[in-house]
């Protein structure tokens, strides 16, 4: 019975991973295809990667996408972490209310968010497309940062903060030297999540910006005329970059957990 359960569990997991990553693997394979169409394989070639870096419009859209992703993720991480600390310091009932309100943008449809931001920018007369895009991405990224930081705050102890105050730290110094290092894994996770969401966003970007294109808008505009193999090459590079970043962060987290466990064992052995 246990063997059958393990077999079906492994089969289910394998099928799920297959459905998730098979399209991406096909896209990666055909980014090296010499032919322009995806119907058949004619030979290995790097011509689409070469054409990608020579396309000025794609490079401009890539620059906008990466700069918006980095800036919006950084600013959203600062505001989101500050908001999470403030929410956590509230009383229980008020904390639940504010925390629930802060998560509404997560469940709110992107279409509603995009149209709302478009109307807001028109009302306050912000015409710069890049600034509009940056503000929009910061806005929808902040709740995800709060969502990432709050669990780490719940795991941390208020006694560390109070001890730092008793030892002469100002509230800001105690926050900077004690609280932030303790919740840093959540802060980093929030930054990475905000960065990847900004790279991926289309709906909010499409309605918010004016005269400026990120990659999602540019790909949408040319996809109506057919799939360009240069997009396959671009998607492959972005996928590899994001996966590499996630692997590095996860390996760092695993190493830190192991080091903390070793230190804990040393302390326990000395106390014995």
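Whether any residue in the stretch 59-80 is more than 19 Å from residue 194 (Cβ to Cβ) and in a loop (DSSP other than H, G, I, E, B) is what I want to check.
No; the residues of the stretch 59-80 include none that is more than 19 Å from residue 194 (Cβ to Cβ) and in a loop (DSSP other than H, G, I, E, B).
Which one is farthest from the chain's Cα centre (by Cα) among residues in the stretch 140-159 that are surrounded by 14 or more Cβ atoms within 10 Å (Cβ to Cβ) and over 30 Å from residue 65 (Cβ atoms)?
156
From the residues in the stretch 85-105 that are in contact with a helix residue (DSSP H, G or I) (Cβ under 8 Å, 6 or more places away or on another chain) and not in a helix (DSSP H, G or I), which one is nearest to residue 153 (Cα to Cα)?
Among them, the one singled out is 90.
For the subset of the stretch 177-218 comprising residues that are in a loop (DSSP other than H, G, I, E, B) and surrounded by fewer than 17 Cβ atoms within 10 Å (Cβ to Cβ), which member is modelled with the highest pLDDT?
202
Could you please give the count of residues in the stretch 106-130 that are surrounded by 14 or more Cβ atoms within 10 Å (Cβ to Cβ) and assigned to a helix (DSSP H, G or I)?
Of the residues in that region, 11 qualify.
Give me the pairs, please: first residue somewhere in the stretch 151-176 and modelled with pLDDT of 80 or more, second residue anywhere and part of a helix (DSSP H, G or I) and surrounded by 11 or more Cβ atoms within 10 Å (Cβ to Cβ), beta-carbon distance under 7 Å, and either six or more positions apart or on two chains.
That search, which allows pairs on different chains as well, returns 151/186; 152/183; 152/185; 152/186; 153/84; 153/85; 153/88; 153/183.
Going by what's in this entry, would residue 52 be described as buried (at least 17 other Cβ atoms within 10 Å of the Cβ), within 30 Å of residue 225 (Cβ to Cβ) and under 27 Å from the mean Cα position of the chain (by Cα)?
yes
Residue under question is residue 140, and the condition is that it be closer than 24 Å to residue 98 by Cβ, assigned to a helix (DSSP H, G or I) and out of contact with any helix residue (DSSP H, G or I) (no Cβ under 9 Å at 6 or more places or on another chain); does it hold?
Considered against the rule, which asks whether it is closer than 24 Å to residue 98 by Cβ, assigned to a helix (DSSP H, G or I) and out of contact with any helix residue (DSSP H, G or I) (no Cβ under 9 Å at 6 or more places or on another chain), residue 140 comes out as no.
The values are calculated or read from the model by the stated rules, or taken from the named source; none is laboratory data. Not measured: the values here are computed from a predicted model. Note: ideal-geometry Cβ built from the backbone for every residue, glycine included; neighbour counts use all protein chains shown.
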